[in-house]
């Protein structure tokens, strides 16, 4: 596994939250860190750790595409629940996996990409966008999957708040 240096990270153009002095501070006395060290670093948001790691400089393209497919598959239930008869995102992920393994052509990949993009555009779905992203950019798929999961978690928290409000209201009435 290839170690990562401050210079590499800076060459990738991090956002304004990570000027070179801050990145050097995060590295401490280390000239380089392993991808596992970055992945496990608690002082950096998950999305930022993924931004560093999900690139071909660190992980080979095949593994990145497989990872993107894994991320996209995690959010497919969101799509399937709303559009059970539309298999475009699922088909897109399947062709992306075949392409990663050398079992599909670039033309097939492009067709799967176009279909997933059309689904995403038509329904503005995180699952479809994640499937589309699996075609080209693993880090985008991971980000979209994380966003979709965060969105689902936020909806769950909202439900919990509303349910708790009901419980508290019932307690108040029962006094």
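A short reminder: the numbers here are calculations on the coordinates, not readings from a lab. Here the structure is a predicted model, which is why all the values come from computation and not from measurement. Heads up, the Cβs are rebuilt from the backbone with ideal geometry, glycines too, and the neighbour counts pull from every protein chain shown.
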ask   = Rg and Dmax of region 1-121, using alpha carbons, in Å: what are they?
value = 17.8, 55
query = When the chain is fully extended, how far beyond the present Cα-Cα distance does residue 82 get from residue 108, taking 0.36 nm per residue of separation?
reply = 6.8 nm
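Please find the FRET efficiency linking residue 3 to residue 70, where r is the Cβ-Cβ separation and R0 is fixed at 30 Å, and quote it to the nearest 0.05.
Details: r = 25 Å, r/R0 = 0.82.
It comes to 0.75.
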Residue 55-residue 20 pseudo-label distance in nm [points 7 Å out on the Cα-to-Cβ vector] = 1.6 nm
Virtual spin-label span in nm between residue 10 and residue 32, 7 Å along Cα→Cβ = 1.7 nm
query = Per the Kirkwood definition applied to all pairs of different Cα atoms, how many angstroms is the hydrodynamic radius of region 4-53?
reply = 10.9 Å
